[in-house]
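Read-outs: derived from the displayed coordinates by stated rules, not from any lab. It should be emphasised that the depicted structure is a prediction, and the values quoted were computed from it without experimental measurement. Neighbour counts run over all protein chains shown; Cβ positions are idealised from the backbone, glycine included.
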Amino acid sequence: MLPTLEAAELPADAIEVGRIADAWGIKGWFKVLPHSAQPEALFSSKRWFIQPSSPATSTPKTGAFRLAIREAKEHSDCIVATSDDVPDRTAAEALRGARVFVPRSSFPTAGDDEYYWVDLIGLSVVNREGVALGTVRELLATGPQTTLVLASEQDGKPLERMVPFVAAFVDQVDLAGRLITVDWQPDY
């Protein structure tokens, strides 16, 4: 049984940032497995929205609950957090498997030439000659660099391209224009 939580609609800019893995300790703390290796959004937002893993525990109207976070911190390979709404281990165990969302507006401001992956997904990618290479479907962490995975079509068939997301190949990222310009050829 879920603890008594405030039912809420997900904000229009809600981004899924992790999942609740399990209870941690006996005082209502819980472990969160972040979707990012740099989970600053979990630390910067004091208001999380969760969707339980079981539809039976969701609210019929929204399926989400607001969770006021008192504290969140790194612990080993996960994040541990506590909320006044989760008073004990039993309540924390009831959250197991819940999806964690935070409003995009709560993310820390990215530095110059830094981008959140979620902001790059869906952007069109063209090369210096204006040739469309595809749309960013996902990003992969490939060790020392991140790689854009582009989806496109060629002769009516799906085509996937990968472009390293590094300054040597990326000329410009225009978030407002939803466009990335790269030094990359279609036959690479």
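Scanning the range 18-56 for residues that are under 19 Å from Pro103 (Cβ atoms) and part of a strand (DSSP E or B) returns Gly18, Arg19, Ile20, Val32, Pro34, Arg47, Trp48, Phe49, Ile50, Gln51.
So, of the residues in the range 79-94 that are within 23 Å of Leu10 (Cβ to Cβ) and under 19 Å from the mean Cα position of the chain (by Cα), which turns out to be surrounded by the most Cβ atoms within 10 Å (Cβ to Cβ)? Let's see the steps before the verdict.
If we filter the range 79-94 for residues that are within 23 Å of Leu10 (Cβ to Cβ), which is where we start, we get 79, 81-86, 91-92, 94.
Narrowing further to those that are under 19 Å from the mean Cα position of the chain (by Cα): 79, 81.
On the way: Ile79: 23, Ala81: 26.
Filtering the range 79-94 for residues that are within 23 Å of Leu10 (Cβ to Cβ) and under 19 Å from the mean Cα position of the chain (by Cα), the one surrounded by the most Cβ atoms within 10 Å (Cβ to Cβ) comes out as Ala81.
The lone criterion from (1) within 21 Å of the chain's Cα centre (by Cα); (2) part of a strand (DSSP E or B); (3) surrounded by 14 or more Cβ atoms within 10 Å (Cβ to Cβ) left unmet by Asp119 is number (2). So which of Gly63, Gly111 ends up being of a type in the set (Gly, Ala, Ser), assigned to a loop (DSSP other than H, G, I, E, B) and more than 30 Å from Ala23 (Cβ to Cβ)? Answer to the check: Gly111.
Being more than 13 Å from the chain's Cα centre (by Cα), of a type in the set (A, V, I, L, M, F, W, C) and over 22 Å from Thr4 (Cα atoms) is the filter here, so list the residues in the range 18-57 that pass it. Scanning the range 18-57 gives a single hit, Phe43. Residue pairs whose Cβ atoms lie under 6 Å apart, sitting 6 or more positions apart in sequence or on different chains, and linking a residue in the range 87-102 that is farther than 13 Å from Ala21 by Cα to a partner that is in a loop (DSSP other than H, G, I, E, B) and of a type in the set (Ser, Thr, Tyr), are Val102/Ser45. Select from the range 1-17 the residues that are outside any strand (DSSP E or B) and under 19 Å from the mean Cα position of the chain (by Cα) and write down the one among them that is nearest to Val100 (Cα to Cα). The selected residue is Leu10.
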